[in-house]
There are 2 protein chains.
Amino acid sequence: MTLAQALFSPRSVALVGASGDAAKNTARPQRYLKKHGYGGKVFPVNPTRQEVLGERSYPKLSAIPEAVDHAYILIEDVEQALEECGKRAVTVASIFSGGFADAGPDGARRQAKLVARARTLGVRLLGPNSMGVIDVPGRLALSVNAVLEMDALPAGTTSIVSQSGTMLGTLLSRGAARGLGFAKLVSVGNEADVGVGELVELLAGDPATRVILLFLETVRDAERLAAAARKAHAAGKPVVAYKLGRSALGEAAALSHTGALAGTDAALDAYFRDCGIVRVDMLETLLEIAPLVARRRSLDLKRPGRVTVVTTTGGGAASVVDRLGMRGVELAAPIMDLTMAASGQTYAEALQKAAQSDCDAVIACVGSSAQFHPELAVQPIIRAPKSKPLIAFFTPQADRSLALAAAEGIPAFRTPEACADAVAAFLSWRAPRKPPALAVPGNLPENPFELLAALGIAVAEWAIAEAPAFAHNIEYPVALKTLEAHKTERGGVLLGIADHAEFEKKVKKISNDRVLVQKMHSGLIEAIVGYRDDAVVGPLVLLGAGGVLTEIYRDYALRMAPVSEREAGEMIEQVRGFAAIRGYRNLPRGDLEGLARAVSALSRLALVKDRPVREADINPLIVKADGVVAVDALVAYSSDKRQEAA
Amino acid sequence: MTLAQALFSPRSVALVGASGDAAKNTARPQRYLKKHGYGGKVFPVNPTRQEVLGERSYPKLSAIPEAVDHAYILIEDVEQALEECGKRAVTVASIFSGGFADAGPDGARRQAKLVARARTLGVRLLGPNSMGVIDVPGRLALSVNAVLEMDALPAGTTSIVSQSGTMLGTLLSRGAARGLGFAKLVSVGNEADVGVGELVELLAGDPATRVILLFLETVRDAERLAAAARKAHAAGKPVVAYKLGRSALGEAAALSHTGALAGTDAALDAYFRDCGIVRVDMLETLLEIAPLVARRRSLDLKRPGRVTVVTTTGGGAASVVDRLGMRGVELAAPIMDLTMAASGQTYAEALQKAAQSDCDAVIACVGSSAQFHPELAVQPIIRAPKSKPLIAFFTPQADRSLALAAAEGIPAFRTPEACADAVAAFLSWRAPRKPPALAVPGNLPENPFELLAALGIAVAEWAIAEAPAFAHNIEYPVALKTLEAHKTERGGVLLGIADHAEFEKKVKKISNDRVLVQKMHSGLIEAIVGYRDDAVVGPLVLLGAGGVLTEIYRDYALRMAPVSEREAGEMIEQVRGFAAIRGYRNLPRGDLEGLARAVSALSRLALVKDRPVREADINPLIVKADGVVAVDALVAYSSDKRQEAA
């Protein structure tokens, strides 16, 4: 029995800790399995009862006389239940109980032990802290989620993997009210064993799933998820993510109850982009975008996306277009405004014309007729050409129109903001990136300047001058730096020393034994180039405007490393502060090719065997009209040794 | 009969151009007036019929045998209809017909004539291009808006003034579905005569109105609206605006069908803030915020707003908190997360505790129980203390809970984004600003440097040196500038001239007759200080980081002018690039008091009689540790004469 079968199509399930009190949370899985028509066998396990909610009950799992594919553990003594699962060769145990990584360091240790034991026993784990698994077409409702109080669950081809169990219910509930249906829904809890990545992998291979939605608070298995997202993309299954933690406050809130490591939002953005995951900004967009991406491929546009809008309400169209403009989307043609003049026919003609315009998608905006004449209002949209994506936005309360559109697989939106969010996300959707073919660096020297030179990055000429003579052969003017850590903050840097006389006078003021002497360089602008092996998403390369601009204005581009020179060129375009060297206001152009080469070269640290470098910063890298040169650098290794330049 | 009475409570209305074909738009007002129970007299005017939809009809308005308070003009020949209104002393004519300012320059001229004629005749105008007036409690449905097909309109105390007629219907429709009720709704159309400002004025004095909502595409009568908003604030009636045109694309879309002048979004932001108008970002927030601001006053917080959150779903709470964090709101206490452990009692206790925390508002987030047990779920929220604003967010589809909350006047939200938008807008709501008491400048010299000096702003010592000797008595080093326009772009600026020898050598290269000689100043940072008499909102003062930062990073603060030194100090805090002179990373502090004095001084241009200055820029203003000094300036007058420094 495979993991997928045991998770979604178990022939039998055991409910360890099933309560006989129908009002209790722990009675829910049994009630819900029955209510939604599960066809397999259900074995309640309860030490104090012979019968639970009318079903024969067993004192312990090992007393069940038949094979158990999937156990749902609802009791506190998870360890004991796991031993029982091991005894009976249960394929997968989902664990509702908390008190593990969700409950601080002690809980995390408890969880590590549990996972180790499960490996030994050959039992796979979902959770702990998981609200379970739902397979709507398969009629499996193995969950404590109260959303299952609904009488009929809407079946469809969209599957969801969620790090929040309760929000899985929210999505299902809102989808049901809109006629949006679902295939498989999984609450992953702490992801102690089965994680988001592995589930996306399974869903990529699931014939019943067409779109995969992720509700994320963090990413715990970045490499596996990336590989799974690529697999899903290859299978023509879009993966869409809504991720909390865009603000520092939200990050803290999202993680306080999971105990997971925080990834910065910018790093996760780079990561999603890298593996072709569509990211949405708003909660409802996650649901509403499914019909828009289903059966479609990424457009991989190299220019801003363009839409054409047909509307029966000028204000309604403007409310969408305004948001689209904030996301960089453009209009392919003026808004086709039929306010107070629309008939089914004029609207259909306008849609036809819109589809022929030079656009990437057509937005059909409908006013009051969507409320009072839904069939008539939605008909032209249903019949319109679908060569380009067609997206509906209904301005009034228009539940029936939304349901009609959903039934036809037409993406339809309740709010102008979610509509624009989905369209912008769709237009900027890119296929997973093919990692560039770059030379793998060999053994790299530890000294930061030598390391940069070995990667092919020009470094300002430097020498170590030692007492008593402090002799060196660097051409003046020079900079003089102590060899201590945090030298800038400690006043250990003297710039623009014009000649030997000045050097003699100053060198003894800053050191008694050794100093770094470096040729002074000046250029058009300073850049920061950084490499970081992020604990959450893996190796990243950053390019930012120099000085305090990167920090104050967050003016930087971030990508998964390594990057090719062409990709580094795209990063340069993204940094607003580089306008000055891109030919802005006739200012002299900098050596952008040289800058791109340096970014790509540093990013190759991601290719070094075992990735010993944790962080490397060139700050500043001086950009001239005819070259770039690194003036200061810092390298930190995973083993925690921090190495300042020279 | 006052305008308010004629608009909202006419004893009789004439429908000029009422159609006998019930399917036509022009038949709607008569149908809707009847359907919604209008108690006054309705006179259809139609030259070809004796009877319209069962009512006696008149060939022309002047043939109506009784007094007409309010005429709704539905025909193309608006001019003729207006003459008829004049004959019968109609108080107000609402005009549905378009073809005026909405239709280009010719239409605008037609509109100007119409307004002039209406003034002569003593008839007030609503529109043209107006979808009419609705008074829900008064049962007046004098509108072509199809939203009136609804059987029952929800009565309440929220009134709306909208520049989009169709979106007025959208708001009413969505509100009705949620149990949010309305008082008066007005579609202003082109605002040829009666505008948003005058209507807010009327609503401020309307006992049936408690909250005033504005759907705006621009502002056409900034001064009157500002005065009205102040009046409304004084009357305890919050004014809330949703304004399109946040992006350039949206601005174009919003204005293409109105022909109105565009105001930049940043200027309108400054304007709303100045007159105490709460601005929301999302369409649904405009509706949903009404119960939150009703009967409340602005908090006028001088620090970030703080909330406490109680929830039955960790993910749901995090989705709101994440957005709040992006708007600078903070948590007063950790999220009180009762996931899977909430009962009515524990939830009520948590709300009690939350209200006692050091917060400005409490957010109650409810998961699946809001869908399946709405009465139980909403009960603790209804009973909770309301000493601080209490805001509900229901994560699932929870129509009944939303309606229950609405019935109790509790602000309740459908999406985490709208919830955060409303809470952030509420927490940053400020009372209308009291204009500062500043000295009114007397006659100002035309020369920009002399003008600045007259306002009390230090200017770098300067002189005009003339051929052949180019004598001057400015201390070296100096800067040398030609007296042409656009001198910087034309290479007419030479900086850092060290001594007389260098001066002699260079002066003849840049001019044959006259040059500006100026003492060189250096400081910690450069700032831009600007004054602009904006055509839409009026006088503004801008403070930005110097160089290209203001432009590239849009790093500036904008306020209505004049500003006091204290207010200028707040502006300095808003400019991120000034971190460097605020003590960031132990960098030397700049003379922030001097900078504030200069900003306040320049802003006094708003007080000069007749406001002759259209624009004045100090770029750069050099900020030193112990003073500020203007180095270049540009002044433009309303008469269009542009004056570069000296």
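The values are calculated or read from the model by the stated rules, or taken from the named source; none is laboratory data. Just so it is clear, the structure is predicted and the values come from calculations on it, not from any experiment. Every residue, glycine as well, gets a Cβ built from its backbone with ideal geometry; the counts of neighbours run over all protein chains shown. Each accessible area value is taken on the protein alone, full model and side chains, heavy atoms only, with ligands, DNA and RNA left out. Shrake-Rupley method; radii C 1.70, N 1.55, O 1.52, S 1.80 Å.
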Hey, any hits in the range A:336-346 for a residue that's modelled with pLDDT of 95 or more, crowded, with 16+ Cβ neighbours inside 10 Å and not in a strand (DSSP E or B)? no
Regarding the range A:363-379, can at least one residue be identified that is closer than 19 Å to B:GLY250 by Cβ and in contact (Cβ under 8 Å) with a residue 60 or more places away in the chain? yes
Has the range A:74-91 got any residue that is without any contact (Cβ under 8 Å) to a residue 24 or more places away in the chain and either touching a Ser or Thr at 6+ places or on another chain (Cβ under 8 Å) or farther than 28 Å from A:LEU199 by Cβ (or both)? yes
Residue hits (the range A:348-370; within 14 Å of chain B (Cβ to nearest Cβ) and aliphatic (A, V, I, L, M)) are A:ILE363, A:VAL366, A:ALA370
In this structure, is A:ALA241 modelled with pLDDT of 95 or more and either within 13 Å of chain B (Cβ to nearest Cβ) or in contact with a strand residue (DSSP E or B) (Cβ under 7 Å, 6 or more places away or on another chain) (or both)? yes
Only one of A:LEU404, A:LEU390 that is touching a residue at least 12 places away in the same chain (Cβ under 8 Å), closer than 16 Å to A:LEU331 by Cα and more than 24 Å from the chain's Cα centre (by Cα): A:LEU390
Within the range A:565-616, take every residue that is more than 18 Å from A:ASP533 (Cβ to Cβ) and polar (S, T, N, Q) and give me the one that is surrounded by the most Cβ atoms within 10 Å (Cβ to Cβ). A:GLN574
Within the set of pairs 6+ apart or on separate chains, which have a first residue in the range A:142-159 that is at the interface with chain B (Cβ under 8 Å from one of its Cβ atoms), a second that is outside any loop (DSSP other than H, G, I, E, B) and among the basic types (Lys, Arg), and C-beta atoms under 7 Å apart? A:VAL144/A:ARG28
Which members of the range A:490-521 meet the condition of being touching a strand residue (DSSP E or B) at 6+ places or on another chain (Cβ under 7 Å) and open to solvent by 70 Å² or more (accessible area, probe 1.4 Å)? A:LEU495, A:ASP513, A:ARG514
Name the residues in the range B:137-167 that are touching a Gly at 6+ places or on another chain (Cβ under 7 Å) and in a loop (DSSP other than H, G, I, E, B), would you? B:ARG139, B:VAL144, B:ASN145, B:PRO154, B:SER164
Residue pairs meeting the criteria (Cβ under 6 Å; at least 6 apart or on separate chains; first surrounded by 20 or more Cβ atoms within 10 Å (Cβ to Cβ), in the range A:546-558; second among the hydroxyl-bearing types (Ser, Thr, Tyr) and modelled with pLDDT under 80): A:TYR556/A:THR550
If we keep just the residues of the range B:421-445 that are more than 20 Å from B:PRO562 (Cα to Cα) and part of a loop (DSSP other than H, G, I, E, B), which is farthest from the chain's Cα centre (by Cα)? B:SER428
Flag for A:VAL115 being open to solvent by less than 20 Å² (accessible area, probe 1.4 Å), away from chain B (no Cβ under 14 Å) and not in a strand (DSSP E or B): yes
On the given criteria, is B:GLU417 assigned to a helix (DSSP H, G or I) and not aromatic (Phe, Trp, Tyr)? yes
Is it true that some residue in the range B:85-92 is surrounded by fewer than 24 Cβ atoms within 10 Å (Cβ to Cβ) and part of a helix (DSSP H, G or I)? yes
Selection over the range B:291-303 where residues are in contact (Cβ under 8 Å) with a residue 60 or more places away in the chain and open to solvent by 10 Å² or more (accessible area, probe 1.4 Å) yields a count of 9
Only one of B:THR218, B:THR264, B:THR166 is under 13 Å from the mean Cα position of the chain (by Cα), within 14 Å of chain A (Cβ to nearest Cβ) and open to solvent by 10 Å² or more (accessible area, probe 1.4 Å); which? B:THR264
Residue check, A:ALA405 against (1) assigned to a helix (DSSP H, G or I); (2) modelled with pLDDT under 95; (3) touching a Gly at 6+ places or on another chain (Cβ under 9 Å); (4) not β-branched (Val, Ile, Thr), all met but one. Which one? (2)
Hey, among the residues in the range A:454-479 that are surrounded by fewer than 15 Cβ atoms within 10 Å (Cβ to Cβ) and of a type in the set (Gly, Ala, Ser), which one's nearest to the chain's Cα centre (by Cα)? A:GLY456
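For (1) surrounded by fewer than 22 Cβ atoms within 10 Å (Cβ to Cβ); (2) more than 8 Å from chain B (Cβ to nearest Cβ); (3) of a type in the set (Phe, Trp, Tyr), each residue gets a yes or a no:
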residue: A:SER173; (1), (2), (3): no, no, no
residue: A:GLY179; (1), (2), (3): yes, yes, no
residue: A:GLU201; (1), (2), (3): yes, yes, no
residue: A:LEU213; (1), (2), (3): no, yes, no
Just for the range B:292-310: of the residues that are within 15 Å of B:ALA420 (Cα to Cα) and touching a Gly at 6+ places or on another chain (Cβ under 9 Å), which one is nearest to the other protein chains (Cβ to nearest Cβ)? B:PRO304
